[in-house]
Amino acid sequence: MSTEVLVGVIGLCGALVGAAAAFVGVVYQQKQQVKLAQAERRDALAQLAVDTIMTELEELRRLVWSVSGDAEEPPEFRPQLVRHIDVIRLGVLRLPHQELREAMEAACMMEFGRVDQFQEHIGLRLPRIVATAMCWDAQKCLGAYLRREPLPETTFLFKARDYFHSVISQRR
């Protein structure tokens, strides 16, 4: 083989290797961009969920506080309470933070402290006070989650999670 042909073959091989490397680089970069876009979308949906949950928690707190401590609940109270809790429960599904998600799900199951057995468990039979404190606990934790801080100590929120887990494990 002549030198010119050999140089041409080597050049062609180099071009093929370079093209293959460029192709692999483009595919890798594209996959990374897809992962980044998915993470950004997940974060945006979580942010939207947190905003919705925060608003619903405030509405729930106001609703619970509107009923006098020993007065009979008005007929529209229960459907409004359930609606707020349902919106919160659906929003909580988007939270990527497992510990916070579990605590919020348990709070929803305990109707934010309005379930008699939970009030008995914590030794405080003041549904207005417990529900208000749980709403504030949840808001504090959601704020810490957004700031990427450790979850703060709470008065009732994580007690609801622990109580819920103990009830579930007893029934198995």
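Looking at region 91-100, can you tell me whether even one residue there is closer than 18 Å to Y163 by Cα and surrounded by fewer than 20 Cβ atoms within 10 Å (Cβ to Cβ)?
So the first thing to find is which residues in region 91-100 are closer than 18 Å to Y163 by Cα, and the list is 98-100.
The next check asks that each one be surrounded by fewer than 20 Cβ atoms within 10 Å (Cβ to Cβ); those that pass are 98-99.
Checked against the condition, which is being closer than 18 Å to Y163 by Cα and surrounded by fewer than 20 Cβ atoms within 10 Å (Cβ to Cβ), region 91-100 yields at least one hit.
Given (1) surrounded by fewer than 17 Cβ atoms within 10 Å (Cβ to Cβ); (2) assigned to a helix (DSSP H, G or I); (3) not aliphatic (A, V, I, L, M), identify the lone condition not met by E149.
Among (1) surrounded by fewer than 17 Cβ atoms within 10 Å (Cβ to Cβ); (2) assigned to a helix (DSSP H, G or I); (3) not aliphatic (A, V, I, L, M), the lone unmet condition for E149 is (2).
Give region 30-61 a look and list any residue that's of a type in the set (D, E, K, R) and more than 22 Å from E105 (Cβ to Cβ), or say none. Steps first, answer last, please.
Looking only at region 30-61, we keep the residues that are of a type in the set (D, E, K, R), and these are 31, 35, 40-43, 51, 56, 58-59, 61.
Once the filter is applied, which keeps residues that are of a type in the set (D, E, K, R) and more than 22 Å from E105 (Cβ to Cβ), region 30-61 yields K31, K35, E40, R41.
Restricting attention to region 33-44, which residues are of a type in the set (A, V, I, L, M, F, W, C) and either surrounded by 13 or more Cβ atoms within 10 Å (Cβ to Cβ) or under 16 Å from R147 (Cα atoms) (or both)? Walk me through it before giving the result.
Keep residues of region 33-44 that are of a type in the set (A, V, I, L, M, F, W, C), which gives 34, 36-37, 39, 44.
Passing the criteria: only A44.
Out of everything in region 129-146 that is surrounded by fewer than 18 Cβ atoms within 10 Å (Cβ to Cβ) and more than 19 Å from D86 (Cα to Cα), what residue ends up being farthest from the chain's Cα centre (by Cα)? Write out each step before concluding.
So in region 129-146, the residues surrounded by fewer than 18 Cβ atoms within 10 Å (Cβ to Cβ) come out as 129, 136, 139-140, 143-144, 146.
Subsequent filtering for residues that are more than 19 Å from D86 (Cα to Cα) retains 129, 140, 143-144, 146.
Values: I129: 25, K140: 14, G143: 12, A144: 12, L146: 10 Å.
Among those residues, the one meeting the criterion is I129.
Free of Cβ contacts under 8 Å to residues at least 12 places away in the same chain and under 30 Å from the mean Cα position of the chain (by Cα): which single residue out of E56, E40, E72, E102 fits that description? Even if it seems obvious, please write down each step before you answer.
Numbers: E56 fails: free of Cβ contacts under 8 Å to residues at least 12 places away in the same chain; E72 fails: under 30 Å from the mean Cα position of the chain (by Cα); E102 fails: free of Cβ contacts under 8 Å to residues at least 12 places away in the same chain.
Sole residue among the options that is free of Cβ contacts under 8 Å to residues at least 12 places away in the same chain and under 30 Å from the mean Cα position of the chain (by Cα): E40.
Mind counting the residues in region 83-119 that are more than 18 Å from R148 (Cβ to Cβ) and part of a helix (DSSP H, G or I)?
Selection size over region 83-119: 23.
Quick note: the coordinates plus some simple rules give every number you see, no bench work behind them. Quick caveat, the model's predicted, so the values are computed rather than measured. Because the Cβ atoms are built from the backbone with ideal geometry, glycine has one as well, and the counts that use them run over all protein chains shown.
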